[in-house]
1. Taking Arg166, is it within 13 Å of the ligand (Cβ to nearest atom) and closer than 22 Å to Thr19 by Cβ?
2. Which residue, of Thr87, Thr65, is within 16 Å of the ligand (Cβ to nearest atom), over 28 Å from Ser187 (Cα atoms) and surrounded by 14 or more Cβ atoms within 10 Å (Cβ to Cβ)?
3. In segment 98-122, which residue that is farther than 16 Å from Thr27 by Cβ and within 13 Å of the ligand (Cβ to nearest atom) is surrounded by the most Cβ atoms within 10 Å (Cβ to Cβ)?
4. Considering only strands (runs of 3 or more DSSP E) fully contained in segment 1-110, which possess at least 1 residues that are touching a Lys or Arg at 6+ places or on another chain (Cβ under 8 Å)?
Amino acid sequence: MKFFADTAEIADIKELAATGLLDGVTTNPSLIMKSGRDFHEVVKEICAVVDGPVSAEVVALDHPTMMKEAEKLRKIADNVCIKVPLTPDGLKTCKALTGDGSMVNVTLCFSANQALLAAKAGATFVSPFVGRHDDNGWDGMELIEAIRLIYDNYDYQTQILVASVRHGIHVLKAAEIGADVMTAPPSVIWGLFKHVLTDKGIESFLADWAKTGQSI
Ligand code: E4P
């Protein structure tokens, strides 16, 4: 499963990229607002740090303006992935852009039928928001299972990008179901490394090693 960082904070992205485990980045208008940076500049900087897809979201609601925004965004770098909302205009834009060789991430997916539409529109990625789904009384991971089943039934190549990930259990379930990608805030990704028994084991090994008086 590919790991994307869900952030527009360049320092956090660099730190994660240094692990060698980062496959891409997702941003959205709220994350750009939080960064306090110029949208075009920050996307350009992220694209230079990460080899994989970097999602940059259009903000227009109509197809012609989405296309104009996408034109500007895809000129930033070859690894820009245009993010469009799961609306009729968003999917029209998705079809036009992917037909033209661009990567497209269809975002704000909350049902398996919406994911079916995104696949039919040729999306590179579909982003079901599991955390927000859970928050509203549904089971986000059941949604991922349903999308996996449908995509496998028809051999759709659209990648399931599990978004709005809040904790390690979301990551674990996404991997068990066979999602293609998950995007999570850096804190969640760093949390995956942690285990109390790993820390305890290192502590006791180092204590015993010190007693040997040896060095490597
Ligand atoms: C990713 O592409 C989404 O924009 C993001 O995962 C949304 O996460 P949130 O629900 O925590 O804002």
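Each value in this text was obtained by applying a stated rule to the coordinates, not by laboratory testing. Everything quoted here is computed from the prediction, not taken from an experiment. All Cβ positions, glycine included, derive from the backbone under ideal geometry; neighbour counts span all protein chains shown.
1. Considered against the rule, which asks whether it is within 13 Å of the ligand (Cβ to nearest atom) and closer than 22 Å to Thr19 by Cβ, Arg166 comes out as yes.
2. Answer to the selection: Thr87.
3. The extreme case among them is Cys109.
4. Passing ranges, in order: 24-26, 54-57, 80-85, 103-109.
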